[in-house]
Amino acid sequence: MQPNVFEMTRYLMNFGAPVRNNGFYDNIIIVPAGSVITIDRDLTTHFNKFADVLDMVSPDKTEELNRLNKEQIVDLVDEQMQHSVQQMLLADVPVGALCSGGVDSSLLMAIAAKNHNNLAIFHADVVGPLSEYDAAADLAKHLKLDLLTVQTHDDDFVGLTPEVMYHYEQPFSGHPHSVPFMMVSKLVQKHGVKAVLTGEGSDECFLGYEYIAMEPFWIFYHSQTKKVRDFIETLPVIGHQIWDNKNEFPRLIPEMLGQFEHVIDHQNVRDRYSKALNKPVDLNVRTLDLLRDHLVTLLHRNDTMGMSASIETRFPFLNEQLIETAVNMPLRYKIRFSPDVWEKDHPFLRDKWVIRKVADRYLPKRLSQRKKRGFYVNAFRRMKIDKQFFNSGFVKEQFKLSDNALNYMIDSAQQQQINKLMMLEVWGRLFIHDIPLSGVQQQLRSSAIVKRM
C-alpha cells in the first residue's frame, strides 16, 4: 500500500485524524460511521447510510423535553442511565469498569455497583502532577470497591508509542492518552475481565468540553473584531499594510486537500438542524458535531486499545434513548448559569448540568461536581527527539527532503510539530517500510527522552 500524501500533509497542518472518506493510505476509503458497503457481482460498490444521529433531531421530542421542569429532566436522565448501565452489564463473561476519577465514569460505576456484586474497577494512574489517582481512590472507597491500578511513567510514552501505533493503525497525536489506555486494557485482561464500561459519549451528548460553554462569547468577540478589520481595510494604504499577512486563504489549503469534505458536512449539519426545528442554529448543534466527528475518534481509540488486549469496551452514555434525549434536550439543561461555579474556562457556567445533578443522587459533591480534567497527559510536550531519528526515514523519503532541508525543518519546528512528525515517522516505518515493531521500538528508544517537569 502507498501513503496518501494529501492526508499526511493535512495531518501535519494541524488537522486531526480522518473519520470518513480518504485515510492515510492512497486509494483506501474509510467507511463512514453508520454506513454499510454493498458490493455487486460486477464489483461495483455502493455506500449506504443506515443510521445518522442527525435523524434523531425531532421537533416533537424537543417540545416534549422543553415542557419538563428541572426535576423531571433529571429524573428522566437518571432512569435512562440506570436502564443503559443494566443493559451493558449483561454478559456471560466478567464485566468491569474503567475509572478515571471524573464525574462520567464515577456515575456509571455508582449505578453499576448497585446492580453488580463486587464490580472490578480499573484505573490508569499517570504518575506526576496530572495524576487523578486520589479522585479514583476516593470513588472506590465511597463505593466500597477495590481499585486495580496500573502506573504510567514518562518513559512509557517513548517505549510504547510504536506498539500503540501498531494497534491504532494511524498517528494518534490527537489522543496521547492512548498509551495509558492500552496499559490499563492489559491490566483488565490480566485480571480475567472481558468487557469494561467506559464514560465516553457524555461530554459529546451533554457539552462537557470546557471550551464549549464560552463559544457564544468568542463568536461575538470575533464578529466585532471582524467589523473593525473590515473598516480598517477601507482605509487607503494603511488597511492593506495591516492585514495583508492575515488573510484567510491559507486556512483553505488543508480543507482543499480534503476536498472540503469537513466544512461542507459542517454546514450541512447546521442546515438540516435549522430546517428540522424551524429555528436558527444555536449552541445545541455542537452535540451533533461532537457525536459525528470527535466521538468517532474516541471510539476508534477505545476499540483499538481495548482489542490490543482482547477487551471489549462498552458505552452506557451511547444508549440510543439517551442520545435521542441529549440531541433534543434544551441547552439550559446542558450548560446552566450557576453563580457558585468559578472555573477559569467558563466562570458562572456549569457544564453537563443534568449529568452532575444525576450524579448528586449517587455521589458526594466532591465527586459529582468535580472539575473536568479529561484524560490529560503532557509527556509528548516534554519529549525531546534527536534529529538523527529522521535521517534516511519515512518522512524524509516521502517529502523528498535533502539533509539540509530536513535539518532546517527540525530546527524550525515547534514541539507540537515535532511530535506529529515523530508519529508520522513511526507510522511510516511500521506500515509502509514494514520494519518490525521491535525494531521501531528500539529506534525510538535510542532517539527520544521525556524531560522531567
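The values are calculated or read from the model by the stated rules, or taken from the named source; none is laboratory data. This structure is a prediction, so every number in the text was calculated from the model and none was measured. Using ideal geometry, Cβ is built from the backbone for each residue, glycine included, and neighbour counts are taken over all protein chains shown. The accessibility values were calculated without ligands, DNA or RNA, using every heavy atom of the protein model including side chains. Shrake-Rupley method; radii C 1.70, N 1.55, O 1.52, S 1.80 Å.
Checking the structure you have, find out if any residue of the stretch 5-24 is among the acidic types (Asp, Glu), within 22 Å of residue 431 (Cβ to Cβ) and surrounded by 15 or more Cβ atoms within 10 Å (Cβ to Cβ).
Yes, the stretch 5-24 contains at least one residue that is among the acidic types (Asp, Glu), within 22 Å of residue 431 (Cβ to Cβ) and surrounded by 15 or more Cβ atoms within 10 Å (Cβ to Cβ).
Take the residues in the stretch 1-53 that are out of contact with any Ser or Thr (no Cβ under 6 Å at 6 or more places or on another chain) and among the small types (Gly, Ala, Ser), then tell me which one is nearest to residue 172 (Cα to Cα).
Checked the stretch 1-53; the qualifying residue nearest to residue 172 (Cα to Cα) is 16.
Evaluate the following for residue 71: is it among the charged types (D, E, K, R) and open to solvent by 70 Å² or more (accessible area, probe 1.4 Å)?
On the way: among the charged types (D, E, K, R): yes; open to solvent by 70 Å² or more (accessible area, probe 1.4 Å): yes.
Considered against the rule, which asks whether it is among the charged types (D, E, K, R) and open to solvent by 70 Å² or more (accessible area, probe 1.4 Å), residue 71 comes out as yes.
Cβ-Cβ under 9 Å, sequence separation 6+ or interchain: first residue in the stretch 269-293 and over 13 Å from residue 58 (Cβ atoms) and without any contact (Cβ under 8 Å) to a residue 60 or more places away in the chain, partner part of a loop (DSSP other than H, G, I, E, B) and open to solvent by 40 Å² or more (accessible area, probe 1.4 Å). Which pairs?
Filtered contacts from the stretch 269-293: 270/281; 271/281; 274/280; 274/281.
Note down all Cβ pairs under 6 Å where the first residue falls in the stretch 47-73 and is closer than 18 Å to residue 318 by Cα and free of Cβ contacts under 8 Å to residues at least 60 places away in the same chain, the second is among the β-branched types (Val, Ile, Thr) and exposed (fewer than 15 other Cβ atoms within 10 Å of the Cβ), and they're at least six residues apart or on different chains.
Correct list of pairs: 50/36.
I need the helices (runs of 4 or more DSSP H) fully contained in the stretch 354-453, keeping only those with at least 1 residues that are in contact (Cβ under 8 Å) with a residue 40 or more places away in the chain.
365-368, 394-398, 415-431, 437-445
Please state which one of 58, 35 is touching a helix residue (DSSP H, G or I) at 6+ places or on another chain (Cβ under 7 Å), at pLDDT 90 or above and surrounded by fewer than 16 Cβ atoms within 10 Å (Cβ to Cβ).
The match here is 58.
When the residues of the stretch 379-426 are filtered to those that are within 28 Å of residue 1 (Cα to Cα) and among the basic types (Lys, Arg), which remaining residue is surrounded by the fewest Cβ atoms within 10 Å (Cβ to Cβ)?
It comes out as 400.
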